[in-house]
Amino acid sequence: MPAIAICLVTVREVLRRKLQVNLLLFGVMLVAASYITGALTLGERYRILSDLGLTAMQVIGVLVAAFVGSDLISGDMDRRVLQPVLAKPISRSGYLLGRYAGLGLVLLLNLLVMAGLVALILIANAGSMEPIGRAFLEAVALLGIQFLVVGAVAVLFSAITTTTLAAVFSLAVAVSGQLTGEIRALWKGPGTWIPSLLWYLLPNLSAMNANEALVYRTPPPAQAWLAAGYGLAYAAAALALAVLVFERRDLR
Amino acid sequence: MPTYRIVQATTFAGMALVTGLLASRLDSGTLRPYDVGIVPRAATLRWLSLGHPTLAANLLWLKAVQYIGDPRANERGWDRLHPLVDVITDLDPRHGYAYYVAGTLLAPLGRVVESNLILEKGTRARPDLYILPYSRAFNAFYYDDDWATAGRFAEVSARTPGAPAHVRQNVLAYYVKGRRAEAAVAFLEQSLAEARDPETRRSVEAQLNQALLERDAARLDDAVVAWRGRYVIGPLDLGQLVGEGLIAKVPKDPQGGEFYVDHDGRVRSTANPYRFSKPEPAWTRVQPRGAQERGKAP
C-alpha cells in the first residue's frame, strides 16, 4: 500500500508547512472576527455570525487547497524529490492519488477545526446547541466537497505546469466556478454555447454554497446533494486527467 | 553606538512623528455623521459577491445599521436608507428584519411613500411574516387616512399563518371606518368557515355580527344624514326614512335588537349599542417627524 504511505507522508508534510499553518491561523482569526462583527448588527446576530463564519471557512479552505495543492507535484519536481520516490515500487498514478488523498485529509482537518470554532461561536451566541442542526452540518459537508474539488483541480494543474502557474490557474478556476451558474442564467442572445461550455468545463462551485440555507436554518435543497455528487464526480474526473497527464510527463 | 545606527533610529523616530502628525490631521470620519456615499446596484454586488449574495446583503446590512444608529442621523437626513434596504432585499429577498426595520423607521420620518414601498416589497417576498402587511396597514390609516387600503393590508396580515387573533379586529375596524363594511363581512364569513375550534368560532361570530351591524347601520346613517339635510332634526322613527323614500325598508338587526337613532345622530342597535367611532382625519394625530422638511427632523 505505497499510496497510503504517500498519503500519510503528505499529511505530515502539509501540516508542517508555514503556508498551511498561517492560513489556518488566519482562518481561525477571521472566524473569531465574525463574532465581533456580529455585535455591530441590529437584531438577528445569528445571520451575520453564520454567514461570515461560513464564508471565512470557505475562503481559507479554498486558498489552502489552491496553494498547497498546486505545490504537491510540481514542487516535488522542482525539489528533485520525485525521481527517488518513483524509483521505488510505486506507480505514478499511485503517487499522485496518494498525494491528493493526503491533501484531502488536511483540507478536511482544516474544515473540522474551523467548523468547530464557528459551531462554538454559534452555540455561545444562542446559549444552546440549537444552531448546530442539520442545516449547519450539511453546509459544512458541502464546503468540504468544494475543497476537494478545488484541491483536485490544483493537483491537476500541478501535474501539468509550474507551481506558480498552477496556483494562479487553480485560483482562477475557483473564482470562476462561483460565477458559472450566474453567467449561464444571465447570458441571453447569440453565443449561448459559450456559457454552456464554461458550465460543463469549470466546476460549478456556487451550486455547493449553502450560506442561505444556513442563515435561514433550512436544509439545503435537493439540488445541493445533486451538486455534491457532481462535485465528487468532477474531482474524480480532474484526478483521472491529472493521472493521464502525469503518466506521460517527462520528468527530466 | 555606531553612527549608522543613530541615523537609522533618528530616521525611524522622525518618520513616525511625521506619520502621527499627518494622521491626526486626517479626517477620521468622526467629525461628520455616518453616511453612505454610494449605494451600489444589486446586480453589481451580486457579481462581486462571487456566489454569496446573502453575504453581500449582510455586509450592506451592517452599513445600514451604522447609518440608522448614528446619533446625528437627523442632522444628516435619511436619503440613503430606502436605497440601501432596497439593495439588501434585492440580494436577500428573505431578509424579513430589514423590511420591518426600514418600514417602521421611514414612516415617522415623513418618508411614508418609501416606507410603503419597502413594506409592500416585504409582503410579497415574505408572505409568512404577518407584521409586514400589518405595518403597511398602520401606515395607510395613520399617515394616509386611507382606511380601505388599511383594511386590505390588515386582511393580508390576518390571513398569514401565526398572525395574532387581534389582527382580525383591525381588519373589521379599518374596513368599517373605510366605509367598506361589506369587505369585512366577506372576510369574517370566510374566517368563520375556516375556524376549527369553538373559541375562535365564538370570537369570529361576534366580529361578524358587529360587521353586519356596522354595514346596515352605515346605510341607515346615510339616510339619517339625508333626512336631516331636509328637516334639520329627527327622524323620530326609522320608519319615517322609508316613508320619505330614503330607504326601501328598515333592515332587521342581525343581533335581534331594534335600530334607533341616538342623540348624536348615529344609528345604533338596542341589542348592541356599540359602534366604531368615525375615523379622525390624519391631521388630528401626531405628524411624522420632518413631514414638512422632507426627511429631516426639526
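The values are calculated or read from the model by the stated rules, or taken from the named source; none is laboratory data. In this text the structure is predicted, and so the values were computed from the model without any measurement. Neighbour counts are summed over all protein chains in view; Cβ atoms, including those assigned to glycine, are modelled from backbone coordinates with ideal geometry.
Here are some notes:
- Residue list for the range B:200-249, restricted to those being small (Gly, Ala, Ser), under 16 Å from B:ASP262 (Cα atoms) and not in a helix (DSSP H, G or I): B:GLY234
- Selection of helices (runs of 4 or more DSSP H) fully inside the range A:174-252 by the criterion of at least 1 residues being free of Cβ contacts under 8 Å to residues at least 12 places away in the same chain and either β-branched (Val, Ile, Thr) or within 14 Å of chain B (Cβ to nearest Cβ) (or both) returns A:180-186, A:193-201, A:211-215.
- Boolean, A:LEU96 is away from chain B (no Cβ under 12 Å) and touching a residue at least 24 places away in the same chain (Cβ under 8 Å): yes
- Considering the conditions (1) over 20 Å from B:THR104 (Cα atoms); (2) surrounded by 24 or more Cβ atoms within 10 Å (Cβ to Cβ), B:ARG179 is excluded by exactly one of them, (2).
- Of the residues making up the range A:18-41, just one is surrounded by 16 or more Cβ atoms within 10 Å (Cβ to Cβ) and outside any helix (DSSP H, G or I), namely A:THR41.
- All of A:GLY27, A:GLY43 fail the test of being more than 14 Å from every other protein chain (Cβ to nearest Cβ) and out of contact with any Cys (no Cβ under 6 Å at 6 or more places or on another chain), apart from A:GLY27.
- Yes/no for B:PRO83 being surrounded by fewer than 17 Cβ atoms within 10 Å (Cβ to Cβ), within 25 Å of A:ASN211 (Cβ to Cβ) and at pLDDT 90 or above: yes
- When residues of the range B:83-127 are limited to those that are within 14 Å of another protein chain (Cβ to nearest Cβ) and of a type in the set (Lys, Arg), the one nearest to B:PRO40 (Cα to Cα): B:ARG94
- For the range A:44-62, the criterion of a residue being outside any helix (DSSP H, G or I), touching a helix residue (DSSP H, G or I) at 6+ places or on another chain (Cβ under 9 Å) and under 30 Å from B:ALA56 (Cβ atoms) is satisfied by at least one position.
- All positions within the range A:58-70 that are more than 13 Å from chain B (Cβ to nearest Cβ) and of a type in the set (A, V, I, L, M, F, W, C): A:ILE60, A:LEU63, A:VAL64, A:ALA65, A:ALA66, A:PHE67, A:VAL68
- Counted residues, the range A:110-133 - those being in contact (Cβ under 8 Å) with a residue 12 or more places away in the chain and within 20 Å of A:GLY69 (Cα to Cα): 4
- Tallying residues that are within 18 Å of A:THR41 (Cβ to Cβ), facing chain A (nearest Cβ under 8 Å), more than 26 Å from the chain's Cα centre (by Cα) and among the aliphatic types (A, V, I, L, M) within the range B:32-76 yields 1.
- Selection within the range B:127-147: residues that are surrounded by 21 or more Cβ atoms within 10 Å (Cβ to Cβ) and not hydrophobic (A, V, I, L, M, F, W, C). The member of this set that is farthest from B:ASN74 (Cα to Cα) is B:TYR130.
Per-residue answers, yes or no, for (1) polar (S, T, N, Q); (2) under 16 Å from the mean Cα position of the chain (by Cα):
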site	(1), (2)
A:LEU171	no, yes
A:ARG184	no, no
A:GLY191	no, no
A:ALA207	no, yes
A:LEU214	no, no
A:THR218	yes, no
A:LEU226	no, no
A:VAL243	no, no
A:ARG248	no, no
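- Note on the range B:183-212: residues that are more than 28 Å from the chain's Cα centre (by Cα) and either among the aliphatic types (A, V, I, L, M) or surrounded by 20 or more Cβ atoms within 10 Å (Cβ to Cβ) (or both) amount to 1.
- Some residue of the range A:97-106 being touching a helix residue (DSSP H, G or I) at 6+ places or on another chain (Cβ under 6 Å) and over 21 Å from A:ILE160 (Cβ atoms): yes
- Selection from the range A:42-62 of residues that are surrounded by fewer than 19 Cβ atoms within 10 Å (Cβ to Cβ) and of a type in the set (A, V, I, L, M): A:LEU42, A:VAL59
- Only a single criterion out of (1) more than 38 Å from the chain's Cα centre (by Cα); (2) farther than 30 Å from B:LEU188 by Cα is not satisfied by B:ARG228, namely (1).
- Single residue of A:LEU97, A:LEU108, A:LEU103 found to be in contact with a Gly (Cβ under 6 Å, 6 or more places away or on another chain), more than 16 Å from A:LEU19 (Cα to Cα) and part of a helix (DSSP H, G or I): A:LEU108
- For the range A:121-171, a tally of residues being farther than 22 Å from A:ARG80 by Cα and either crowded, with 17+ Cβ neighbours inside 10 Å or of a type in the set (Val, Ile, Thr) (or both) returns 28.
- Number of the exception - B:ALA154 against (1) of a type in the set (A, V, I, L, M); (2) within 14 Å of chain A (Cβ to nearest Cβ); (3) closer than 24 Å to B:ARG275 by Cβ: (2)
- Residues satisfying the stated conditions in the range A:46-57, i.e. touching a residue at least 60 places away in the same chain (Cβ under 8 Å) and within 8 Å of chain B (Cβ to nearest Cβ): A:ARG47, A:ASP51, A:THR55
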